[in-house]
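Report on the structure given below.
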Amino acid sequence: MSLAFCGNENNSLAYNVDRGVLNNGCFLDALNVVPHIFLLFITFPILFIGWGSQSSKVHIHHSTWLHFPGHNLRWLLTFILLFVLVCEIAEGIVSDGFTQSLHLHLYMPAGLAFMAGITSIIYYHNIETSNFPKLLLALLFYWVLAFLMKTIKFAKYTEHSVGLRQLRYCITGLLALLYGLLLAVEINVILGRRYLCFTEATEVKPPEDLQDLGVRFLQPFVNLLSKATYWWMNTFITAAHCRPIDLKVIGKLPIAMRALTNYLKLRKAFESQRRPLGSMPQGPKWIWRALRQAFGRPLIISITFRFLADLLGFAGPLCISGIVHHISKDNRTIQPPIKLLGVYFISSQEFLANAYVLAVLLFFALILQRTFLQASYYVAIETGINLRGAIQTKIYNKIMRLCTSNMSMGELTVGQICNLVAIDTNQLMWFFFLCPNLWAMPVQIIVGVILLYYLLGISALIGATVIAVLAPVQYFVATKLSQAQKSTLEYSSERLKKTNELLRGIKLLKLYAWEHIFCHSVEETRDKELTSLQTFALYTSISIFMNAAIPIAAVLTTFVVHVHISEEADLSPAVAFASLSLFHILVTPLFLLSSVVRSTVKALVSAQKLSEFFSSDEIGDEQEPNATMPTGPSNHKTIPSCPRNHNNKYQAVPLKVVNRKRHPRDDWNNYSHEGGNPPPQEGDQDLCIRITSGYFTWTDGTPTLSNINSKVPFGKLTMIVGQVGCGKSSLLLAALGEMQRVSGTVTWNIPTSDKDAADDGDIQKRGSVAYASQKPWLLNATLVENITFEMPMIKPRYKAVIEACSLQPDIDILPQGDLTEIGERGIILSGGQRQRIGVARALYQQTNVVLLDDPFSALDIHLSDHLMQEGICKLLREEKRTVVLVTHKLQYLPHADWIIAMKDGTIQTEGTLKDIQNSDPKLFEQWKTLMHRQDGEFEKETVAESMTVLERKNLRRAMYSKEAAKTEEEHEEESVESEVDDSLSQAMRHRTTIPWRSCGVYLSSAGLLLPLLLLSQLFKHTLMVAIDYWLAHWTSHVITAKMDATGRNCTVAQECGFSHSWYLSVFSVLCCLGIVLCLVTSVAVEWTGLRVAKELHHNLLSKIILAPMRLFETTPLGNILNRFSSDTNTIDQHIPATLECLSRSTLLCVSALGVISYVTPVFLIALVPLAIACYFIQKYFRVASRDLQQLEDSTQLPLLSHFSETVEGLTTIRAFRYESRFRQRLLEYTDANNIASLFLTAANRWLEVRMEYVGACVVLIAAVASISNSLYNHLSTGLVGLGLTYALMVSNYLNWMVRNLADMEVQLGSVKRINGLLKTEPENYEGLMAASQVPDGWPRQGEIQIQNLSVRYDTTLKPVLKQVNAHISPGQKVGICGRTGSGKSSFSLAFFRMVDMFEGRIIIDDIDIAKLPLQTLRSRFSIILQDPILFSGTIRFNLDPEMKATDDMLWEALEIAQLKPVVKTLPGGLDAMVTEGGENFSQGQRQLFCLARAFVRKSSILIMDEATASIDMATESILQKVVMTAFADRTVVTIAHRVHTILNADLVIVMKRGIILEYDRPQALLEKEDSVFAAFVKADK
């Protein structure tokens, strides 16, 4: 077949030019080549030169600055143009198929036009980003030429009566229109940028975001193609392979997406609803309205995209039907095309009847559908994230204005507010994600059912009914699932509470050998949790089963009915496979339905909660008062912080604060009093705060403070004293404006430092006030940041403050000094330390006024004195600052310049100490006696070692174990540094590989269920393929039977002996088996998951219980708890579902590829490049996805803790006037979290678009291959349908596979971490003797011999006891003393084998303790630890968890410990409940309970480890007495903290650095001049 431009038939009209050149069809086509050749020649050199010199570009994110007008329109038109050109090429090829020679002119110009179209957009893009608008002239000429040529051709076609029936006529018309539009866009650029025909070109500047190199999220700024395919993410995702993604890498959010921008949008929407009546509407409806107004537009775009995608989705089934129909036509003769202008023309019907054309169209439809779908997802999710940021900011602004009483009265708890932020905002976000589904589902279902009806008639409706009937069942299952999840959550939180107690008290449990009792209790709760998890698993498996079985059931019903209804049933492959695909499409919306409905319900509930929160009372409400107000005290809930002399001009103007920087503390004094304010009195200048006839309340009931008339002098020290609960703290808070003011005025005489607040001359607002609350409030930050609190660091001042608060010794103990994080409400610090930091913060600030609310409550006497002298009297007085001090320590009254005495919410008297002595001598006398008593206490306490030293000891001890771990790490690090480069590349390699080992651990825990799981999955998928294969076999036979029938002249195929019944029965059996196997696999997956969850938790718990103490000292408790909480939760609930999804999608893909390869083996060749592409896409994606997921989680924590921190420190923040700083910090945290979420979304879309495109290629290749195979090798039509149906499935499941693989990888991290803990070596519980060989009452005497004992905490550490020898006779009372770290405690732990005794031995009553089983050894001794530990449960359980003792024994023990009267008064006596950590008893009582506990266990050896350290003198003397009397016949070893406690011991051991220094009777040691013990005693006095 020869080749020529116009074809070379002899009689060819192609070369006939008799009637003019333009009337020749071939010449018209040749003319159309000219513009394209012109463009290609002009632009190529420019592009090459341009690419050679990239330097000319502006330095911004250059490749993304899009600034020519009509930018998106141009891209859109170009895409349409390219599509039409492809159709033109295809039309040319199809119409050329009817002649002998090839007519190049039918498709070559179109091909050139296609190349030119692509070149034009590349050229345009480069010019736009390099900003050389003059070069666009080439395009202008091109569009003009192309438009002219197409118009001439179109005109000639019309002239020669080529009409709309001919496809090429329509295409030519369309192209002329498109070129015309593109010309218009080009002219618009000239008008917009004035680079031609104008003297002045317009100056344009890149947007702010693009000038800022910190903005790396480019989705809003890139061109349409990059937007649709997330092309800009390529470099980002591939870079993740080389270096981990962190906040630096992802940069800042673009301005339009920042929380502040979106908050302002939302606020505007709220404000616009407020207008008419001036008040805010209530209820959730206005929240929805505001959300719709602020974020409705992008949502509509998302819904539009979704509609387009869903409609394009139906192209799949229709094209399959068309292709199979075309192939199965027995007579492939088509009427010859019409010949006009010497050229062939075909109609659109003929064009669309071509199978290859349909295959290409299907490919384009798929590409478009996937692009629209991903765009819809992206827009919805981005909107959801923006909305979350806006709502979180709104919640925060509301918190800043919340009434303190709401918090203190328990109307709102920190937990509730954190839930609003963590849960409810996310519910609304999820609702926005799923919102497009809500609108798209009905459309999808309706269109699907119509198409099915068109294919199958009435039987389709029956199949659809099956699906519809089962949808409510789905919903029912979904609700049951959420209920099961709730109950599981309750049990797991109870289990966590128990686990937490177990881990916190692990030392005690090990020492008393009670770990198994507690372990059992945790296991019991776990069993309950597992029962609830079983329900969860059951419903999950039903849900999975229904997902898989419903389509099978629907298809089965439809085909059975279809065959039975009509004799003439058309069950060709075209119909069967098209309807099969349609059923697959239909099932998706019905499954999503349940989750969408649930999400909607949750969102409604969340909106309700938010509206309640937004309408709660505010402080200094911005509401406008009514002009007519009742006279006298009014209950208006505005809290003025500063009255002012209102001139009447203020009366009419309602004040509305919109500028958030100006604090909304406006008051309406003139309304609540008839006569306005009293005129300011003379002498007011010396006053700092004045309260006049003030009535203040926390709730709406009776006022807490009544008739307050009081003043605080300027620059003086004012003290507020009074009994507990008389309203001292309330008075401070009332002055700060935190209480609701019923009536009266509060005047502050300190102007603000804020410029904007001092604008109005006669408004006096209070400025910043340094305030230290009674309950110290710490930030999650370093110690320095807590003290400087956003102020600049001034070294000398900081030093002075630290010294005044005696914080230096504490700082020295902390691992990183004052740079140590004292996070999460300052947990690692004791009460006193936290209080001193709070006071230090107040001292450090340079404000005129300092309010200290009982700063001495948690301090011992030395510290209080030091703080009073150095801090308050010296530091603050010298700076002439006004100090208001609330205190109970009356001995400081002589320091006060002004005293306010309070009683029962009113002021009893105020004045200087002298004034009060004269005016109220009775009160003065009362104070005097109290002062003396407190001074006496001071003397008593000096004998004792102070509380603080003990606090420091505790801190040091906590730090010691951490330090030990640290030093080990440091040693390791030093050795590693040399290999750093190798390890980095290794770590990178490690990040890219899937944790197969964890997967092995997970699956191997399943035991026998594993083979069942694998077999059932394989069988199920084999059956699925078998069902579809049988359908193909059956339908192909229907066609052959039909052909036979026409051959034999039977009217119906049945008459010629063809019967559907046999095929149908096999089909039914296969379907039923398939449904049964679906059930088996879904149950198998869930049970495997349960089995593994049970195994892993059980193993973890038993390992942790038996682990040596060293593990708990070196691993933070939170880490171990996380294994039991989040990791266990992942294994319980998430891994099984992910595993199921992963295995299903993988097997589906494999079976689909298998089927396609079976149908058309050629496909295997094309599979290789596609597989390689998939491998690299998933490899890069998994790494980036995991990093981003971790980043999203890690940025959420600071955000949530910032909320809880703010709520707890609300009064302090408001007193300091730091609202705006905290808001700023919130915006930073929110933006960090949102940008991580946005990048994660974009990464998911990046993956899905690529996987979908690969899927589309699979469909195209499979279609073309199977069509060719069928046309030339007579492949049965049924198999073609089968291959295409499966190819369509691949594109759906490929990306599920990769997404689940990525999720699985993240979730297997939990298994890996748990497995890490499972590798810990347990303590050696077995002894050389069996438990039965140990005598029953051992040890009876209590004689202890210690021979050459050396002890260390770990094999890697230095010994803490070296070669110690000692002998303790039965019944002796021994005291051990020494400085901190001398090895005293290690000595006591050695008796219990809690430490590694690597040398020497301890013999007790002739038995070497190393030979005993640990359980037996520890159960025979008693110990009282320094920290009293109580567990939640009854008092009986706390004294005797083993339930061995009788009630009498317990009462006796309580009586000895002086607790009997206390317990007697409690409801339930011995069965009274102890709260978690024994919080409902005082420290001293808890210590006495521990003593009673030691007494209940009647062992002959008692060890007291600094047991009196944390208790007051009274309790200590009780303890001493008890030890002397009740334990008279037992051996008692006391580790002394205050030396005077062991003065009457029989023997004293003084230790230093792990060796015994002195060993004798106390008297003997005291008589020696140079004895260390004597020195200790002297120091202690």
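Among the residues of the stretch 1379-1435, write down those that are open to solvent by less than 30 Å² (accessible area, probe 1.4 Å) and at positive phi.
G1383, D1405, G1433
Given the criteria in a helix (DSSP H, G or I), buried (at least 16 other Cβ atoms within 10 Å of the Cβ) and either touching a Leu at 6+ places or on another chain (Cβ under 9 Å) or modelled with pLDDT of 65 or more (or both), does L22 qualify?
Taking the combined requirement at face value, the residue does not satisfy it.
Limited to the stretch 1059-1101, what total is found for residues that are surrounded by fewer than 22 Cβ atoms within 10 Å (Cβ to Cβ), of a type in the set (S, T, N, Q), part of a helix (DSSP H, G or I) and modelled with pLDDT under 90?
Qualifying residue count for the region: 1.
Could you list, ordered by first residue, the pairs with Cβ atoms under 7 Å in which the first is in the stretch 832-843 and open to solvent by less than 10 Å² (accessible area, probe 1.4 Å) and the second is of a type in the set (D, E), at least 6 apart or interchain?
Going by the 7 Å Cβ cut-off, the qualifying pairs are G832/E951; Q833/D810; Q833/E951.
Taking the options V86, V144, V162, name whichever one is aliphatic (A, V, I, L, M) and under 16 Å from Y344 (Cβ atoms).
Selected residue: V162, the only one of V86, V144, V162 that is aliphatic (A, V, I, L, M) and under 16 Å from Y344 (Cβ atoms).
For the stretch 875-898, enumerate the residues that are closer than 12 Å to V712 by Cβ and either of a type in the set (S, T, N, Q) or surrounded by fewer than 22 Cβ atoms within 10 Å (Cβ to Cβ) (or both).
If the condition is that a residue be closer than 12 Å to V712 by Cβ and either of a type in the set (S, T, N, Q) or surrounded by fewer than 22 Cβ atoms within 10 Å (Cβ to Cβ) (or both), then T882, A896, D897, W898 are the ones that fit.
Is it the case that I327 is part of a helix (DSSP H, G or I), within 30 Å of F364 (Cα to Cα), over 43 Å from the mean Cα position of the chain (by Cα) and modelled with pLDDT under 85?
yes
So, in the stretch 856-874, how many residues would count as being within 23 Å of F714 (Cα to Cα) and open to solvent by less than 40 Å² (accessible area, probe 1.4 Å)?
Matching residues across the stretch 856-874 total 5.
A quick yes/no check of all residues on (1) small (G, A, S); (2) more than 21 Å from A1528 (Cα to Cα); (3) open to solvent by 50 Å² or more (accessible area, probe 1.4 Å):
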residue: T1446; (1), (2), (3): no, yes, yes
residue: P1461; (1), (2), (3): no, yes, yes
residue: F1481; (1), (2), (3): no, yes, no
residue: R1493; (1), (2), (3): no, no, no
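For every residue, the table says whether it meets (1) aliphatic (A, V, I, L, M); (2) part of a helix (DSSP H, G or I); (3) touching a residue at least 60 places away in the same chain (Cβ under 8 Å); (4) on the phi > 0 side of the Ramachandran plot.
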residue	(1), (2), (3), (4)
L183	yes, yes, no, no
I190	yes, yes, no, no
L218	yes, no, yes, no
C242	no, no, yes, no
L266	yes, yes, yes, no
I287	yes, yes, yes, no
A290	yes, yes, no, no
Q293	no, yes, no, no
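If I ask for residues that are open to solvent by less than 50 Å² (accessible area, probe 1.4 Å) and more than 45 Å from the chain's Cα centre (by Cα), which ones from the stretch 121-150 would you list?
Across the stretch 121-150, the qualifying residues are P133, L136, A138, L139, L140, Y142, W143, A146, M149, K150.
Give the residues of the stretch 1421-1452 that are touching a Ser or Thr at 6+ places or on another chain (Cβ under 8 Å) and modelled with pLDDT under 85, sorted by residue number.
Passing the criteria: Q1426, D1427, P1428, S1432.
For the stretch 613-620, indicate whether the set of residues that are open to solvent by less than 30 Å² (accessible area, probe 1.4 Å), touching a residue at least 24 places away in the same chain (Cβ under 8 Å) and of a type in the set (D, E, K, R) is non-empty.
yes
Pick from the stretch 232-280 the residues that are open to solvent by 40 Å² or more (accessible area, probe 1.4 Å) and of a type in the set (S, T, N, Q): which of them is modelled with the highest pLDDT?
Ranking the candidates gives T261 first.
Filter the stretch 495-511 down to residues that are among the charged types (D, E, K, R) and more than 26 Å from the chain's Cα centre (by Cα) and give me whichever is least open to solvent (accessible area, probe 1.4 Å).
The extreme case among them is K510.
State whether the residues of the stretch 402-412 include one that is under 24 Å from the mean Cα position of the chain (by Cα), modelled with pLDDT of 85 or more and under 30 Å from W698 (Cβ atoms).
Scanning the stretch 402-412, I find no residue that is under 24 Å from the mean Cα position of the chain (by Cα), modelled with pLDDT of 85 or more and under 30 Å from W698 (Cβ atoms), so the answer is no.
Of all residues in the stretch 1317-1354, which are among the basic types (K, R) and either part of a loop (DSSP other than H, G, I, E, B) or touching a Cys at 6+ places or on another chain (Cβ under 7 Å) (or both)?
K1319, R1340, listed by residue number.
The values are calculated or read from the model by the stated rules, or taken from the named source; none is laboratory data. This is a predicted model, so every value here is computed, not measured. Note that each Cβ is placed from the backbone with ideal geometry, even for glycine, and that neighbours are counted across all protein chains shown. Protein only, heavy atoms only, side chains kept; ligands, DNA and RNA dropped before computing areas. Shrake-Rupley method; radii C 1.70, N 1.55, O 1.52, S 1.80 Å.
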